């Protein structure tokens with residue numbers, strides 16, 4: 001499973017909806033069929049919280065605040081168990 005996760009590379013994009021609500025779109029490359037998405041506020045030692053389980057290699061996080069910085073990782077879920085974390089991606093949400 002470790003070799004599998006080396007292929008998961010997270011990409012992120014920030015955006016703002018018409019009502020100025022911010023969001024982060026995460027995408028990754030994987031042949032897996034179920035994933036866990038974890039999030040942490042930016043800190044020296046991340047405190048990961050499971051925010052989603054998805055069957056597709058894409059997730060939109062609407063729970064972000066303008067001007068805040070977050071870190072994300074993804075795991076492959078195999079037989080109900082998480083594999084090791086993907087790379088960590090850090091995203092700073094704009095503060096317009």
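Could you run through the range 42-53 and say how many residues are within 18 Å of residue 27 (Cβ to Cβ) and assigned to a loop (DSSP other than H, G, I, E, B)?
Summing the residues that are within 18 Å of residue 27 (Cβ to Cβ) and assigned to a loop (DSSP other than H, G, I, E, B) in the range 42-53 gives 0.
If you go through the range 58-80 one residue at a time, how many are touching a residue at least 40 places away in the same chain (Cβ under 8 Å) and surrounded by 13 or more Cβ atoms within 10 Å (Cβ to Cβ)?
Within the range 58-80, residues that are touching a residue at least 40 places away in the same chain (Cβ under 8 Å) and surrounded by 13 or more Cβ atoms within 10 Å (Cβ to Cβ) number 10.
Being part of a strand (DSSP E or B) and either modelled with pLDDT of 90 or more or on the phi > 0 side of the Ramachandran plot (or both) is true for just one of 56, 20, 39. Which residue is that?
Only one candidate passes the filter, namely 39.
Which of the residues belonging to the range 69-80 are more than 15 Å from residue 31 (Cα to Cα) and at pLDDT 90 or above?
Correct list: 69, 70, 71, 72, 73.
Here is a list: 12, 7. Which entry is within 19 Å of residue 67 (Cβ to Cβ), outside any helix (DSSP H, G or I) and modelled with pLDDT under 85?
12
For the range 50-85, enumerate the residues that are out of contact with any strand residue (DSSP E or B) (no Cβ under 8 Å at 6 or more places or on another chain) and closer than 15 Å to residue 38 by Cβ.
Across the range 50-85, the qualifying residue is only 81.
The values are calculated or read from the model by the stated rules, or taken from the named source; none is laboratory data. Worth saying up front: this structure is predicted, and the values here are computed from it rather than measured. Glycine gets a Cβ as well: all are built from the backbone with ideal geometry, and neighbour counts include every protein chain shown.
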